[in-house]
Amino acid sequence: MSKKESFLINRLKSVGYALKGAVLLLKTEASIKIQFVIALLLTAAGFYFNISTTEWIIQLLSISLVMSIEGVNTAIEEIADFMHPGRHNKIGLIKDIAAGAVFIASVFAVIIGFIIYLPKIF
């Protein structure tokens, strides 16, 4: 019988798996690469325009929401493709709904970006 690992060791392993998943997303998914570049540009813009602490919080929450939902969308697509590799209407619907969630988060993130940066530009 194997000895049960400590709580701390299990947490460290979980963080390792999560980090591996984040790196895998960045290496393999074109959409997350684009979102990452946009996040870097907006971070630079935040420093350039000296946005407030509240604006930083809202910007970072928006970026993390879009990128996190993109990760969930990718996971849903991978599960769907694994379960039913061929074309199937229900699988297509599931993928469309997951992509729609990313779209909604992205639209609102763009609106938030306009709210933060348009007054600073004009």
Legend entry - Surface accessible to a 1.4 Å probe, per residue, for the residues of the chain, Å²: 75
Inset, instruction - Quick one: what are the phi-derived ³J(HN,Hα) couplings along segment 44-61, Karplus 6.51/-1.76/1.60 with θ = phi - 60°, whole Hz, x for glycine and proline? - result: 4, 4, x, 5, 4, 8, 6, 5, 6, 4, 4, 5, 4, 4, 5, 4, 5, 5
Legend entry - Listed residues LYS13, LYS95, LYS33, most fluctuating in the chain (Gaussian network, C-alpha, under 10 Å): LYS13
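Among VAL15, VAL102, VAL107, what's the order by accessible area (1.4 angstrom probe), most exposed first? Walk me through the numbers on the way to the answer.
Details: VAL15 95, VAL102 15, VAL107 55 Å².
The ordering from most to least exposed comes out as VAL15, VAL107, VAL102.
Can you give the relative contact order of segment 62-122 as a percent, counting alpha carbon pairs under 8 Å and 6+ residues apart? Before the final figure, lay out each step's value.
Numbers: 26 pairs, mean separation 30.0, N = 61.
Computed value for segment 62-122: 49 percent relative contact order.
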Inset, instruction - Provide the solvent-accessible area of GLU78, counting protein heavy atoms only and rolling a 1.4 Å probe, rounded to the nearest 10 Å². - result: 110
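Normalised by the residues of the chain, what does the relative contact order come to in percent, with Cα pairs under 8 Å and at least six apart?
Values: 47 pairs, mean separation 32.3, N = 122.
Worked out over the chain, it gives 26 percent.
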Inset, instruction - Could you please state how large a percent of the accessible area of the chain is carbon and sulfur, counting protein chains only and using a 1.4 Å probe? - result: 74
Inset, instruction - Among ALA18, VAL110, ALA80, flag the residue with its Cα farthest along the positive direction of the charge dipole of the chain, charges on Cβ as +1 for Lys/Arg and -1 for Asp/Glu. - result: ALA18
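From the Cα gyration tensor of the chain, with a ≥ b ≥ c the square roots of its eigenvalues, which class applies: rounded if a/c is under 1.5, or else prolate if a/b is larger than b/c, or else oblate? All intermediate terms of the calculation are to be shown ahead of the outcome.
Details: a/c = 2.84, a/b = 1.35, b/c = 2.11.
Here the chain falls in the oblate category.
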Legend entry - Most mobile listed residue (SER64, SER14, SER106) in the chain, GNM with C-alpha springs under 10 Å: SER14
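The values are calculated or read from the model by the stated rules, or taken from the named source; none is laboratory data. These numbers were taken from a predicted model, which means no experiment stands behind them. So basically every Cβ, Gly included, is an ideal-geometry build from the backbone, and we count neighbours across all protein chains shown. Remember, those area values only see protein heavy atoms, side chains included, never the ligands or the DNA or RNA. Shrake-Rupley method; radii C 1.70, N 1.55, O 1.52, S 1.80 Å.
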